[in-house]
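Written out below as structure tokens is the structure these notes cover.
Derivation of every value follows stated rules applied to the coordinates shown; laboratory data play no part. Here the structure is a predicted model, which means the values were calculated and not measured. Please note: Cβ atoms are built from the backbone with ideal geometry, for glycine as well, and neighbour counts cover all protein chains shown.
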Amino acid sequence: MAPDAKRKSYDGVVACLPVTIPYRRYSTNSAQWWLGRALQELTKRAKLRPVDIDGLSVSSFTVAPDTAVGLTQHFGVSPRWLDHIPFGGASGIVALRRAARAVQAGDADIVACIAGDTNHVDSFRKTLSTFSRFAQDAVYPYGSGGANASFALITKSYMNTYGAKREDFAKICIAQRDNALSIPYAMMKKKLTLDDYMSARPIADPIHLFDCVMPCAGAEGLLVCREATAKSLRLPYVRILSTIERHNAFASDPIQLRGGWAVDISDLWSMADVKPGDVDFLQTYDDYPVIVMMQFEDLGFCAKGEAPDFVRSHTFTNDGSFPHNTSGGQLSVGQAGAGGGLLGLVEAVRQLVAQPFGSRVPDAKTCVVSGFGMINYDRGLSSCAAILARAA
Amino acid sequence: MTEPLIRPKRKNPLQRTRRPLSPQAVRSRTAHGLTAAAAEGRFALQVCEDCKTVIYPPRDCCPSCFSARLPFRDVARGGVLIAETTVQTSTDPYFRERTPWRVGTVKLDVGPVIVAHLHGDAQEGRRVRLDLKLDKSGSAVAMALPEKDTPNMADDPHLREMTCDPKFRRVLITDGRTAVGQALAKAFANAGASIIFVGIADSWKPFSGLEALRRIERVEIVPLDVTDTESVTEQAEQNGARIDIVVNTAEHVRSGGVVDRHGLTVTREEMDVRYLGLARLAQAFGPILRARGADGVNSAAAFVNLLSVHALMNWPIYGSYSAAEAACLSAAQCMRAELRPGGVKVMNVFFGPLETEWFQTVPPPKVAPAALAGAVVRGLQQGLEDVFVGDVAEDIRQRLAVNPKALEREIAS
């Protein structure tokens, strides 16, 4: 095979206009409704007409039987570039990198990336039982604990192998809760103490209540366009320095102790030409704290197996030594289905353009956003990450 | 260490009987390859014909070489339990009323990783052996057992959900005049059944073995004639609510084909005893069994059909008999679908010619009644759905799988 072609930069393409439709624990509205609200918010705030949106990227678990195609008629838009990314926690960054290339190539001018889901009273159980063919055949019939049980096994194995303790996971969760206290739509608004965390009710040991996200309804969105377009719309924007994406990495590991980031990590940093030490804050995908620790390691902030020590030696609030999940992440804000895949990205853009809902990371210039998704059988299959930078 | 089961107390008649629930039964078509193996107590996974990779979960494309040739083959069941958890919160109503429920990740020696139910004596970090079991929904699941048998291991509550163990259960043997019925009474007594009801028609007619039958502990002889709808209904009304396992031992063995038998008298009798007898039992006992599928330690568990293996391929010397057996097999398939909502298994036990009077002229190998009875009890203890007993039954099973047409020709000559 020929040597790898050098990857083209994302110069001239930007992300802007982060929007969040405030989350609700349960909603009688449909996923179409929630996604439509995100689209409305984007066009209203950008002062665009529906016809100006010539690219649309949709991520959702609960729009069935619709696909993105059906949604174009539902929403009355006529994009010339359309994407449907049912990749869960990986969908946000995957949407960003695909949209960026489309804009860069001129296949679309303005791509609206929207992600979200509804949460009916019984939709969580239904999503779990039909999540994938392997889940149906080989996971759900085993106690039907859902992702909690799958992550319990992964967490147990990580603790056994690398000596992480519940107190370490607690530190991550507590800091995220502190970051979420000023977020108006966060599901969890009460301060979390170590005692609360440690004495929470067991879900699937070692997973306890505060290791789990709360499923809810909500939607997130942003625009991807050329820098000149963002300027003409008077929208503050951020640059995309690099991205990576990987699926089904390390398939022969008997249990997940690392994610696909580890395969592509040098690409992520070299393409952006920054080092882990240059990063002002990190948004990980946090459906469970163990996967946060794996991201600290696999993204290169510490060596494999050293995340427990890394956690012990840092503070993770927005004024801490290592600001992390600056709006509280899904663990505190809630998991609006596939919206969770866009949550970290939307919050990262807000921080970089200095317009966060909650507390600000002081003088933030560079950040890493990471995505992780799809427990198809026994592990999360999709990993991705992006390095973003403040425009000026 | 598994805590031994405690004999259940008499049920409080005022207490509501819990309605049976099932775990999710839906599987991909390919995954039912596991169901086929579990039904017979085999441990089979897909093995790629081209690159020999052992595959799990079931797939339609080999993840090593993209081959589509992925038959299920018996493979070694050993592995290591690398992580375990106890599910305390479940979204499924069946598991919700059974939590805490342990599951774990097993790395098999033959390659794949299986998320499995855990026997109480399976320990994290230790070696285990995997079994495929049919759960209450009738679909296959993997269960990790300790590597070596442990005391009282059959009493493990997770395992007992997957089996029909006769221990502390109450059994009805429909016909105690037959050698097989009598052997079964003994076998169930040895397996710890609480009561063994043995049906006898026309009790004034003497028969050999009656005294021996009476001497077996916990045997209770009851009037039952499977050819008499009223008798069957009456027995169900009398004892149906305390019968957890029904074994239909009614038999009618006569030689003769379909063309070369004169008149329909014998054929009608055959159908009356076998097919209509089964239908009477199914109608009288089936609904009660199905309603009691989750009724505690001695919940209703199984309906057992003893079937000539010639239900699967007609044996012209006993051609009409074979046809009646085939009718019973078809009915059993229907009963499976009808009893599954209660988590009640229908176990078909296929046997070759028996070592009894009615097969006097047939050359060996033949099946001793005690061997058949032993296979029934073991099948229930393992929670099987299809059991083949004896060399002839096994021979026919294998030849059917290879070339049914060849078997049809050869069995007639």
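Tell me which residues, restricted to segment B:213-268, are surrounded by 16 or more Cβ atoms within 10 Å (Cβ to Cβ), among the hydrophobic types (A, V, I, L, M, F, W, C) and under 26 Å from B:GLU325 (Cα atoms). Passing the criteria: B:VAL222, B:LEU224, B:VAL226, B:VAL232, B:ALA236, B:ILE243, B:ILE245, B:VAL246, B:VAL247, B:ALA250, B:VAL253, B:VAL266. Only a single item in (1) more than 9 Å from chain A (Cβ to nearest Cβ); (2) closer than 19 Å to A:TYR377 by Cα is not met by B:GLU40, and it is number (2).
Residue-wise test of (1) within 11 Å of another protein chain (Cβ to nearest Cβ); (2) in a loop (DSSP other than H, G, I, E, B); (3) farther than 19 Å from B:VAL103 by Cα.
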position	(1), (2), (3)
A:ASN119	no, yes, yes
A:LYS126	yes, no, yes
A:ASP137	yes, no, no
A:LYS156	yes, no, no
A:ILE172	no, no, yes
A:LYS191	no, yes, yes
A:TYR197	no, no, yes
A:ALA200	no, yes, yes
A:ILE203	yes, no, no
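Where helices (runs of 4 or more DSSP H) fall wholly inside segment B:364-413, the ranges with 2 or more residues that are under 19 Å from B:ILE317 (Cα atoms) are B:391-402, B:404-411.
If the condition is being in contact (Cβ under 8 Å) with a residue 40 or more places away in the chain and away from chain A (no Cβ under 14 Å), then segment B:71-90 contributes B:ARG77, B:GLY78.
Taking the conditions exactly as written (on the phi > 0 side of the Ramachandran plot, of a type in the set (Gly, Ala, Ser) and more than 11 Å from chain B (Cβ to nearest Cβ)), does A:GLY163 satisfy them or not? Considered against the rule, which asks whether it is on the phi > 0 side of the Ramachandran plot, of a type in the set (Gly, Ala, Ser) and more than 11 Å from chain B (Cβ to nearest Cβ), A:GLY163 comes out as yes. Taking segment A:124-144 as the range and being in contact with a strand residue (DSSP E or B) (Cβ under 8 Å, 6 or more places away or on another chain), of a type in the set (S, T, N, Q) and either over 21 Å from A:CYS212 (Cα atoms) or free of Cβ contacts under 8 Å to residues at least 24 places away in the same chain (or both) as the test, only A:SER144 passes.
Considering only residues of segment B:332-345 that are of a type in the set (A, V, I, L, M, F, W, C) and surrounded by 18 or more Cβ atoms within 10 Å (Cβ to Cβ), which is nearest to B:ASP391 (Cα to Cα)? Residue satisfying both the conditions and the ranking: B:ALA332. For segment A:237-261, a residue qualifies if it is crowded, with 23+ Cβ neighbours inside 10 Å and either farther than 19 Å from A:ARG350 by Cα or touching a Lys or Arg at 6+ places or on another chain (Cβ under 6 Å) (or both), and the qualifying residues are A:THR243, A:ILE244, A:GLN256, A:GLY259, A:GLY260, A:TRP261.
When segment A:143-171 is examined, which residues are found to be β-branched (Val, Ile, Thr) and crowded, with 24+ Cβ neighbours inside 10 Å? Even if it seems obvious, please write down each step before you answer.
Initial filter on segment A:143-171 (β-branched (Val, Ile, Thr)): A:154-155, A:161.
Once the filter is applied, which keeps residues that are β-branched (Val, Ile, Thr) and crowded, with 24+ Cβ neighbours inside 10 Å, segment A:143-171 yields A:ILE154, A:THR155.
Looking at segment B:141-158, which of its residues are in contact (Cβ under 8 Å) with a residue 24 or more places away in the chain and either away from chain A (no Cβ under 14 Å) or in contact with a Pro (Cβ under 9 Å, 6 or more places away or on another chain) (or both)? Within segment B:141-158, B:VAL141, B:LEU145, B:PRO146, B:GLU147, B:THR150, B:PRO151, B:ASN152, B:MET153, B:ALA154, B:ASP155, B:ASP156 qualify.
Scanning segment A:350-387 for residues that are of a type outside the set (S, T, N, Q), farther than 19 Å from A:ARG246 by Cβ and surrounded by 24 or more Cβ atoms within 10 Å (Cβ to Cβ) turns up A:LEU352, A:CYS367.
In segment A:142-154, which residues are farther than 16 Å from B:LYS107 by Cα and assigned to a helix (DSSP H, G or I)?
Hits for segment A:142-154 are A:GLY146, A:ALA147, A:ASN148, A:ALA149, A:PHE151, A:ALA152.
Under the condition of being in contact with a helix residue (DSSP H, G or I) (Cβ under 8 Å, 6 or more places away or on another chain) and within 7 Å of chain A (Cβ to nearest Cβ), the residues counted in segment B:91-100 number 2.
Looking only at segment B:101-131, count how many residues are assigned to a strand (DSSP E or B), more than 12 Å from chain A (Cβ to nearest Cβ) and not β-branched (Val, Ile, Thr). So the answer is 4. In segment B:21-45, the residues that are on the phi > 0 side of the Ramachandran plot form Cβ pairs under 7 Å with partners that are buried (at least 17 other Cβ atoms within 10 Å of the Cβ) and part of a loop (DSSP other than H, G, I, E, B), at six or more places apart or across chains, as follows: B:GLY41/B:LEU384. Residues that are part of a strand (DSSP E or B) and without any contact (Cβ under 8 Å) to a residue 60 or more places away in the chain were ranked within segment A:72-117; the one that is farthest from A:ARG246 (Cα to Cα) is A:TRP81.
For segment A:283-332, filtering for residues that are at positive phi and free of Cβ contacts under 8 Å to residues at least 12 places away in the same chain leaves 0. Scanning segment A:127-142 for residues that are among the β-branched types (Val, Ile, Thr) and crowded, with 24+ Cβ neighbours inside 10 Å returns a single hit, A:VAL139.
For (1) aromatic (Phe, Trp, Tyr); (2) outside any strand (DSSP E or B); (3) under 30 Å from A:LYS231 (Cβ atoms), each residue gets a yes or a no:
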residue	(1), (2), (3)
A:TYR10	yes, yes, yes
A:VAL19	no, no, yes
A:PRO22	no, no, yes
A:LEU35	no, yes, yes
A:THR43	no, yes, yes
A:SER57	no, no, yes
A:THR62	no, yes, no
A:VAL69	no, yes, no
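Yes/no matrix, rows are residues, columns are (1) over 16 Å from A:ALA204 (Cα atoms); (2) out of contact with any His (no Cβ under 6 Å at 6 or more places or on another chain); (3) among the β-branched types (Val, Ile, Thr); (4) surrounded by fewer than 21 Cβ atoms within 10 Å (Cβ to Cβ):
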| site | (1), (2), (3), (4) |
| --- | --- |
| B:VAL87 | no, yes, yes, no |
| B:GLY111 | yes, yes, no, yes |
| B:ASP121 | yes, yes, no, no |
| B:ARG127 | yes, yes, no, yes |
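Considering (1) part of a strand (DSSP E or B); (2) over 17 Å from A:TYR288 (Cβ atoms), the lone condition that A:SER382 does not fulfil carries the number (2).
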